[in-house]
Amino acid sequence: MNKKTIVKVLSVVLALVLGLTALWACGGDEPKTDEKEQLIMATNAAFPPYEYKEGDSFAGIDVEIAGLLADKLGMELVIKDVEFGSIVGGVETGKFDMGMAGMTVTPDRLESVNFTTSYATGIQVVIVKEDSSIVSLDDMLADGSMKYGVQQDTTGDIYASLTPDEGGYGQDNVIRYKTGAEAVQALATGKVDAVIIDNEPAKSFVAATEGLKILEAEWTVEDYAICVAKENTELLDKLNAALAELEAEGKIAEIIDRYIGD
Ligand code: ARG
């Protein structure tokens, strides 16, 4: 080999090495540019039509709104299905970025977490058996003769557990279940006399269970919002801005109408 050929061969080898290195570097970088920061949402997916399981995946109003919020924030939505009562605490300690679970804004919760602007309204209603002696809220007695079923740690639980003087039925007359569905099952089998729960899940549970009805009266009217840790004002601001955009685009109404309609 003469000098010229050696230089040629070397330069070809060098070009190859450089080319391969460039390819490898690009390839190695690719997942990074794709990797989005996670937005960890805690929910309790036993609350149709806001959140429920469809096979292995999550569905519902909150799930869809959260998906659009994550898109707007350029983040990847990760949903954790936990007990309703552990959502606020988990958000407060930073285990979850946000809690979205048809969650009512209450003064008590506001002491531990912040809430976004409200994206929906919830109404607490009363479910009874079709042949129940309870036909209006006035028939709901707090003398120990009646038991009220609720999902543990929900506003139904909180308000029903107040003393009769405060408008509730007293701690001892309230029976707490892990899910609304279990409370409704207890009603269907005669273990409780009424269930106090949000109106949309109530409709869905009553439709799925024979012999139950919803009293016409509204027990309370509440605002649903997303909770975020107090110190995470950056996320709170971003969520509020994204919610306002989705609202203006008519996306929130579209999702709610699709699940609830009228
Ligand atoms: N709105 C009620 C509350 O905030 C009940 C919410 C229950 N949500 C659920 N995903 N189980 O207390």
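For the range 179-262, what is the per residue volume of the convex hull drawn over the alpha-carbon atoms, in cubic angstrom?
Convex hull of Cα atoms, per residue: 136 Å³.
Among LYS36/LYS95; LYS72/LYS203; LYS203/LYS238; LYS178/LYS230; LYS53/LYS129; LYS53/LYS203, which pairs are too far apart, with a Cα-Cα distance over 22 Å? Intermediate results must be reported in sequence, preceding the final value.
Values: LYS36/LYS95 18 Å; LYS72/LYS203 32 Å; LYS203/LYS238 33 Å; LYS178/LYS230 27 Å; LYS53/LYS129 27 Å; LYS53/LYS203 17 Å.
With Cα atoms farther than 22 Å apart: LYS72/LYS203; LYS203/LYS238; LYS178/LYS230; LYS53/LYS129.
I need the semi-axes of the equivalent ellipsoid of the range 91-178: take the C-alpha gyration tensor, multiply each eigenvalue by 5, square-root it, list largest first in whole angstrom.
Semi-axis lengths for the range 91-178 are 29, 14, 12 Å.
Using a 10 angstrom Cβ neighbour count of at most 15 plus a DSSP loop assignment to flag exposed GluC sites (Glu not before Pro), which longest range of the chain is free of such sites? Please list the in-between numbers first.
Working: sites that count: GLU35, GLU37, GLU83, GLU130, GLU210, GLU216, GLU218, GLU231, GLU249.
Longest site-free region, per DSSP loop and neighbour criteria: 131-209.
Could you give P(r) for the range 113-262, binned at 10 Å from zero, as whole percent values over all Cα-Cα pairs?
P(r) over the range 113-262, rounded to whole percents: 11, 35, 29, 19, 6, 0.
Using a 10 angstrom cutoff on alpha carbons, build the Gaussian network for the chain and name the most mobile of GLY55, GLY167, GLY74.
GLY55
Quick check on the chain: of the DSSP beta bridges with both residues there, what percent are antiparallel, nearest 5%? Working shown, then result.
Working: 23 of 37 bridges.
Given both bridge residues lie in the chain, the antiparallel proportion sits at roughly 60 percent.
Of the beta bridges DSSP finds with both residues in the range 122-262, what % are antiparallel, to the nearest 5? If you can, show how the numbers build up before the last one.
Working: 10 of 16 bridges.
Roughly 60 percent of the DSSP beta bridges within the range 122-262 come out antiparallel.
Can you tell me the relative contact order of the range 126-262? Whole percent, Cα pairs under 8 Å, sequence separation 6 or more.
On the way: 168 pairs, mean separation 37.2, N = 137.
Reported relative contact order: 27 percent.
Taking the 0 to 90 degree range and rounding to the nearest ten, how far is the long axis of helix 61-73 tilted relative to the main principal axis of the chain, both from C-alpha atoms?
So the inclination is approximately 30 degrees.
Give me the compactness ratio for the chain, meaning the Cα radius of gyration over 2.2 N^0.38 Å.
Values: Rg = 26.4 Å, N = 262, 2.2 N^0.38 = 18.3 Å.
Compactness ratio reported: 1.44.
Taking the chain as the reference, fit the longest principal axis to its C-alpha atoms, fit the long axis of helix 3-34 to the helix C-alpha atoms, and give the angle between the two in degrees, 0 to 90, nearest 10.
10
Every number in this text was worked out from the coordinates using simple rules, so none of it is lab data. Everything numeric in this text was worked out from a predicted model, so none of it was measured. Using ideal geometry, Cβ is built from the backbone for each residue, glycine included, and neighbour counts are taken over all protein chains shown.
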